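Each remark here refers to the structure printed beneath this line.
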Amino acid sequence: MRVTASELHECHVQARDGTLGRVQDVYFDDGTWTVRYLVVETGGWLHRRRVLISPLLVRQVDLARRTCAVDLTRAEVAGSPDIDSALPISRQLEMRYRDYFRWPAYWAAGFYEPQVPPVWQGAAREAGERARQMIRHERTMSAQSGAANHLRSAAAVAHHKVVADDGEVGHVADFVIDARTWHITHLVVDTRNWIPGRKVELPIAAVRRLSWTLSTVRVAMSRAQVATLPEHGRAPAKA
């Protein structure tokens with residue numbers, strides 16, 4: 001199933017025993033282009049805290065109902081560490097979350113470790129399959145990139161300029177995510193300053209480098225090639 005980061009931002013997160021809150025952001029690493037965490041604002045029931053939730057805990061995303069079901073209880077989330085989403089997510093904070101939820105430490109070897117037993121009940125088989133899919137994807141991406149992983153905020157990367165071999169082509173407007181493996185497959189590029197009113201889907205394989213300091217995404221394509229990319233939203237998403 002395809003889902004965009006902006007669609008996830010509209011989703012209410014459903015725990016096994018009630019509503020947790022709403023997705024506020026998505027954190028991914030730009031080495032393997034894999035979603036690591038959903039940032040969820042818990043709302044009034046937990047004093048509007050923001051927490052991290054691993055995609056391994058996501059059971060289903062229902063875009064029609066704008067819900068994201070997770071294998072957690074409200075009590076489990078209430079006891080999780082605090083985050084300040086205005087600051088970068090530190091490895092120390094990630095380790096605190098790993099120790100609390102006992103979810104896999106992806107940074108240990110560049111991919112998820114499915115042998116780590118999940119703390120949640122009734123989800124081991126599904127979580128294990130999701131982890132195996134992620135491992136296959138990350139092994140491929142790590143071999144291709146050869147670069148260290150860096151955790152990025154989708155909200156922060158949105159509006160980064162997209163630069164082709166022969167000039168700027170637009171800016172990042174959204175991210176297309178495979179909700180089965182939670183890897184980003186395409187960037188949605190808004191070309192309004194070049195091709196008015198058009199957004200295209202640029203494959204992640206074409207990305208050369210994401211620069212945080214320059215707020216740019218450089219791609220291995222020409223402007224003419226970008227112009228021929230499929231338009232985002234032209235066809236309905238398929239499961």
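Quote to one decimal, in nm, the extra length available between Thr185 and Leu93 on full extension: 0.36 nm per residue of separation minus the C-alpha distance between them.
30.4 nm
First measure r as the distance between the Cβ atoms of Arg74 and Trp212, then evaluate 1/(1 + (r/R0)^6) with R0 = 35 Å and state the FRET efficiency to the nearest 0.05.
Numbers: r = 35 Å, r/R0 = 0.99.
Efficiency, from the Cβ-Cβ distance: 0.50.
Where Lys and Arg each count +1 and Asp and Glu each count -1, what net charge lies around Val61 among other residues with Cβ under 12 Å from its Cβ? Display every interim value, and only then the final one.
On the way: positive: Arg2, Arg59, Arg65, Arg66, Arg180; negative: Glu7, Glu10, Asp62, Asp178.
Net charge in that neighbourhood comes out at +1.
Order the peptides 26-38, 192-204, 5-17 from the highest to the lowest mean number of other Cβ atoms within 10 Å of their residues. Display every interim value, and only then the final one.
Details: 26-38: 22.8, 192-204: 15.4, 5-17: 18.6.
Those peptides, ordered most packed to least, come out 26-38, 5-17, 192-204.
Quote to one decimal, in nm, the extra length available between Arg192 and Glu231 on full extension: 0.36 nm per residue of separation minus the C-alpha distance between them. Write down the numbers at each step before the final one.
Details: separation 39, 0.36 × 39 = 14.04 nm, distance 1.24 nm.
Gain on extension, Arg192 to Glu231, equals 12.8 nm.
Can you tell me how much longer the chain between Asp84 and Asp17 gets when fully stretched, taken as 0.36 nm per residue apart minus their C-alpha distance, in nm with one decimal?
Values: separation 67, 0.36 × 67 = 24.12 nm, distance 2.56 nm.
My answer for the length gained is 21.6 nm.
Since every read-out is calculated from the coordinates, none of them should be taken as a lab result. Remember, it's a predicted structure, so these values are computed and weren't measured experimentally. Cβ sites come from the backbone with ideal geometry, for glycine too, and all protein chains shown count toward neighbours.
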